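Chemist: Structure below; questions to follow.
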Amino acid sequence: MSGKYTMGGKPITISEKDFKIGDRAPLFKLVGNELNILTNDLFYGNVVILSCVPSIDTPVCSIQTRRFNQEVTKISKNIRVITVSKDLPFAQIRWCAANGIENVIMASDYRNFGFATDYGVLIEELGLLARAVFILTQDGKIAYIQRVPEMTQEPDYAPILAVAKELA
């Protein structure tokens, strides 16, 4: 959708999907840090926070991932945070090591636009993921969606963490 989203104040187009709370989350196939394939079914039985970022090597994406890394351990052991970007797994590994990230699973959508398209977070002009957060229930349904209108701003963490805590 054009005009609704910006990056640095400039309009961008997001291939937004109209999900409803309670919808089954689209199947995702992402690449993990060991070049393994990560899919939804690997995380059934856990609440999943899908934290979508344009690039882990930018300041706001870094802050967002570090914040979830800190917060998730305060809530429950039944929550998995997956940060999804188009960054290569090698860059994600390097970034995690440099930032002491232990509680977030890094996943890449670099091989294709499957995740970006299916979850409606593709920035069409850039081929990057838009900043958004999805929470999936333990049985893989969408429980919460937050799309950040300005890509250079952080998400609103309070409702995300409240919903995750309630579901865990």
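The values are calculated or read from the model by the stated rules, or taken from the named source; none is laboratory data. These numbers come from a predicted model, not from an experiment. Heads up, the Cβs are rebuilt from the backbone with ideal geometry, glycines too, and the neighbour counts pull from every protein chain shown.
Chemist: Need at least 1 residues that are among the β-branched types (Val, Ile, Thr) and crowded, with 17+ Cβ neighbours inside 10 Å per element, so show me which strands (runs of 3 or more DSSP E) inside segment 21-67 make the cut, counting only ones lying wholly within it.
Modeler: 29-31, 47-52
Chemist: Output the residues belonging to segment 87-117 that are among the charged types (D, E, K, R) and either out of contact with any strand residue (DSSP E or B) (no Cβ under 7 Å at 6 or more places or on another chain) or without any contact (Cβ under 8 Å) to a residue 24 or more places away in the chain (or both).
Modeler: Arg94, Glu102
Chemist: It is to be established whether one or more residues within segment 77-91 are polar (S, T, N, Q) and surrounded by fewer than 21 Cβ atoms within 10 Å (Cβ to Cβ).
Modeler: Yes: one or more hits.
Chemist: Pick out, from segment 88-168, the helices (runs of 4 or more DSSP H) lying fully within it that include 1 or more residues that are within 19 Å of Met7 (Cβ to Cβ).
Modeler: 114-118
Chemist: Being closer than 20 Å to Ala164 by Cα, in contact (Cβ under 8 Å) with a residue 40 or more places away in the chain, among the aliphatic types (A, V, I, L, M) and in contact with a Ser or Thr (Cβ under 8 Å, 6 or more places away or on another chain) narrows it down to one of Val60, Val48, Val84, so name that one.
Modeler: None of the other options fit; the residue is Val84.
Chemist: Scanning segment 1-20 for residues that are surrounded by fewer than 15 Cβ atoms within 10 Å (Cβ to Cβ), of a type outside the set (Lys, Arg) and in a loop (DSSP other than H, G, I, E, B), which turns out modelled with the lowest pLDDT?
Modeler: The selected residue is Met1.
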